[in-house]
Amino acid sequence: MAWFSRRRKRRRSLNESMLSFGPRIGALRDTGQALAQLRIRLAVAAGFVLVCFGLLLARFVWLQVVKHEELHARAEANRTAQVPVTANRGLIKDRNGAIVARNYSAYTLEINPREVANLPALIDELATVIDIQPRDRRRFQKLREELKAADSIPIRTRLTEAEVARFAAHRYRFPQVEIKARLFRDYPLGPTAAHLLGYIGRVSARDQERIEKFKDPADYLGTEYIGKIGVEYSYEEDLHGTSGSAQVEITAGGRAVRTLRSTPAQPGANLMLAVDIGLQQVVEQAFGDRRGALIAIEPASGDILAFVSMPTFDPNLFVDGIDPKAWDELNNDPDKPLLNRALRGTYPIGSTYKPFMALAGLHLGKRKPETNIHDPGFFMLGDHKFRDSAKVPLGPVNLHRSIVVSSDVYYYTLAHELGVDAIHDFMKPFGFGQITGIDLDGEQTGILPSSEWKQRRFKQKWHAGETISIGIGQGYNAFTLLQLAQATAVLANRGVVMRPHVVKSVEDPATGDKRLTVPAESYRIDLKPEYVQAVIDAMVDVNVGGTGRRAFAGAPYKVAGKTGTAQVFTVKQNEKYDARKIDERLRDHSLFIAFAPAEAPKIALALLVENGGFGSEAAAPIARAALDYYLLGKLPADTPPVVAADAPPAAGRATP
């Protein structure tokens with residue numbers, strides 16, 4: 001019993017002990033679960049960290065290995081900039097080596113308009129340091145409108161050394177303004193030969209379209225100026241040169257710190273003109289304030305010795321961007337100084353057409369040199385009377401006398417017998433009404449009429465009466481002075497046709513090698529020498545005892561020529577032409593063609609004085625001055641000496 005009692009006590013004690021350990025076991029279970037959850041969380045966190053490091057490692061490999069080259073290039077691009085280096089533009093020289101277009105370096109004061117809130121105020125403040133004229137402000141505004149995407153626009157060009165130093169002292173006041181050194185084009189003879197040389201100007205949107213058609217458009221990156229007209233335009237790719245490049249280190253603000261490496265630019269080719277600039281100046285001075293044009297050609301080569309259009313203008317006005325006021329004055333001038341009369345003007349050529357008509361009559365069998373026709377002072381076709389300009393009967397007239405005394409009736413009759421289509425076909429090879437192919441842009445075709453031309457132009461039939469005035473260079477005839485000069489040179493060259501050209505050769509500035517622009521003749525017209533000589537003999541007598549005798553009195557050389565007077569305003573049939581009663585711009589044009597020495601011509605020319613009246617009075621004396629200078633080196637009386645083209649530019653330093 002006692003044993004049983006002790007055993008029950010031990011069991012009770014054990015049960016109590018078991019009851020006391022229960023909470024402890026539950027706590028152990030909770031702790032185990034927490035540890036399990038912690039391990040899971042740690043595993044997830046570790047996995048996340050590993051994934052992140054994996055991504056970072058993958059990104060590192062992508063950036064440092066796969067994209068290394070590209071990103072390195074970008075980094076370098078942020079640190080450096082590739083800057084194009086503009087080449088020196090080629091020089092332009094006359095046939096004797098005188099420089100007529102060159103380059104010089106000068107400083108410009110430029111504003112970045114996109115960084116300026118109040119431009120007028122900035123310019124006003126800037127004007128207290130640097131002299132800024134109203135024309136500079138007008139030009140700046142014009143350039144700002146044209147160059148909207150430009151980083152900087154010049155407000156002043158050709159700064160003096162004193163002005164550069166003065167601005168440098170005040171540089172801190174104008175963070176949006178900087179001084180840049182630039183190359184400028186200079187035409188040392190100013191207005192002389194402006195229509196021939198042309199000028200350069202800032203690249204426009206239209207110019208960009210033109211650049212895209214060049215052989216290497218990429219070569220124009222960084223180019224700000226381009227040829228606009230004349231030789232500067234036509235030979236742009238030769239003159240431009242090959243641009244270089246420079247790799248420069250830049251700041252975060254984009255300013256260059258130093259040059260790391262560079263590829264030098266190759267200067268443009270030099271142009272050797274066919275033009276004698278001395279002859280050009282003599283002719284321009286002989287024209288004075290009269291309007292007109294003259295072209296002189298060396299018959300044997302096609303070299304254009306003088307290319308004159310008057311009035312002229314100063315091409316230097318356009319280099320920096322022309323002032324709007326100066327542009328308006330030029331553009332609205334009634335004398336049209338910007339019109340290239342030598343290349344683009346078309347005119348009836350009057351009696352200067354007669355030597356070519358005489359050749360047509362001989363070669364087409366309608367005349368012989370000795371054939372006489374009766375000149376009563378008029379020609380009748382049906383009921384219409386065509387009067388001779390001399391208004392006096394000349395009696396019997398053969399080919400020689402018809403040219404010497406300039407008989408209209410002789411050529412009225414000849415034109416009627418030949419017909420317009422025969423005249424057209426004979427004159428076409430001489431270049432009348434045709435593009436001559438001169439190396440200048442903008443040549444006009446003119447009009448060499450025919451029955452087919454009239455039908456195409458007016459949808460009308462050609463009438464016989466319209467042919468009569470064709471014979472004396474009037475009617476529908478409308479030729480450029482270049483075509484008349486070319487035809488005269490072909491006649492002087494006895495039918496050998498050379499393409500007219502203003503640039504004789506293109507010179508490589510590195511080697512000095514020269515490439516001729518016209519190395520050979522174009523073609524030959526089949527002319528009988530005896531017929532050509534008959535016409536030339538008559539043209540020689542024009543200046544001995546005919547209409548040109550006064551202008552060439554005492555000339556020590558033999559010159560073949562022909563005067564001409566072309567109607568601008570037609571008076572009524574029964575009225576008398578009186579120049580004093582007609583507005584000056586409606587008076588007859590004065591023309592003259594010539595070549596000399598007649599037996600072996602070195603120079604042939606054609607010239608026109610607008611509204612100058614009789615050819616013998618206005619045009620022939622200019623021709624005499626030109627021939628005297630070219631053949632004898634003689635200057636007309638009271639004519640200033642020919643200006644040399646080797647004076648330094650107005651500002652800056654000329655570059656070789």
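Mind telling me which of the residues 47, 26, 54 ends up being at pLDDT below 80, among the small types (Gly, Ala, Ser), surrounded by 10 or more Cβ atoms within 10 Å (Cβ to Cβ) and assigned to a helix (DSSP H, G or I)?
Among 47, 26, 54, only 26 is at pLDDT below 80, among the small types (Gly, Ala, Ser), surrounded by 10 or more Cβ atoms within 10 Å (Cβ to Cβ) and assigned to a helix (DSSP H, G or I).
I'm checking my understanding of the structure. Among residues of the stretch 201-224 that are under 21 Å from residue 509 (Cβ atoms) and open to solvent by less than 40 Å² (accessible area, probe 1.4 Å), which one is modelled with the highest pLDDT?
Here the answer is 214.
Being within 15 Å of residue 353 (Cβ to Cβ) and not in a helix (DSSP H, G or I) is the requirement here; does residue 437 meet it?
no
Looking at the stretch 389-411, which of its residues are open to solvent by less than 30 Å² (accessible area, probe 1.4 Å) and under 19 Å from residue 563 (Cα atoms)?
Residues satisfying the conditions are 397, 399, 402, 403, 404, 406, 407, 408, 409, 410, 411.
Need pairs with beta-carbon distance below 6 Å; first residue closer than 20 Å to residue 334 by Cβ and within the stretch 561-588, second part of a helix (DSSP H, G or I) and at pLDDT below 60; sequence gap 6+ or separate chains.
Hits for this filter: 587/579.
Find the strands (runs of 3 or more DSSP E) located wholly in the stretch 236-330 whose residues include 1 or more that are in contact with a His (Cβ under 7 Å, 6 or more places away or on another chain) and farther than 30 Å from residue 508 by Cβ, and list them.
The qualifying strands (runs of 3 or more DSSP E) are 304-310.
Considering only residues that are assigned to a loop (DSSP other than H, G, I, E, B) and not polar (S, T, N, Q), look in the stretch 106-138 and name the one that is farthest from residue 323 (Cα to Cα).
Of everything passing the filter in the stretch 106-138, 117 is farthest from residue 323 (Cα to Cα).
Within the stretch 490-518, take every residue that is open to solvent by less than 60 Å² (accessible area, probe 1.4 Å), assigned to a strand (DSSP E or B) and of a type in the set (A, V, I, L, M, F, W, C) and give me the one that is nearest to residue 229 (Cα to Cα).
Once the filter is applied, the top-ranked residue is 503.
May I ask you to say which residue of 414, 481, 440 is over 30 Å from residue 232 (Cβ atoms) and either open to solvent by 30 Å² or more (accessible area, probe 1.4 Å) or touching a residue at least 12 places away in the same chain (Cβ under 8 Å) (or both)?
The match here is 414.
Report, ordered by the first and then the second residue, all pairs with beta carbons closer than 7 Å, sequence separation of six or more or different chains, a first member in the stretch 344-368 that is at positive phi and in contact (Cβ under 8 Å) with a residue 60 or more places away in the chain, and a second member that is part of a loop (DSSP other than H, G, I, E, B) and surrounded by fewer than 24 Cβ atoms within 10 Å (Cβ to Cβ).
350/474
Of everything in the stretch 331-348, what is assigned to a helix (DSSP H, G or I) and β-branched (Val, Ile, Thr)? Give them in sequence order.
none
The values are calculated or read from the model by the stated rules, or taken from the named source; none is laboratory data. Worth saying up front: this structure is predicted, and the values here are computed from it rather than measured. Here the Cβ is made from the backbone with ideal geometry for all residues, glycine too, and neighbour counts use every protein chain on show. Only protein heavy atoms, including side chains, enter the accessible area calculation; ligands, DNA and RNA are left aside. Shrake-Rupley method; radii C 1.70, N 1.55, O 1.52, S 1.80 Å.
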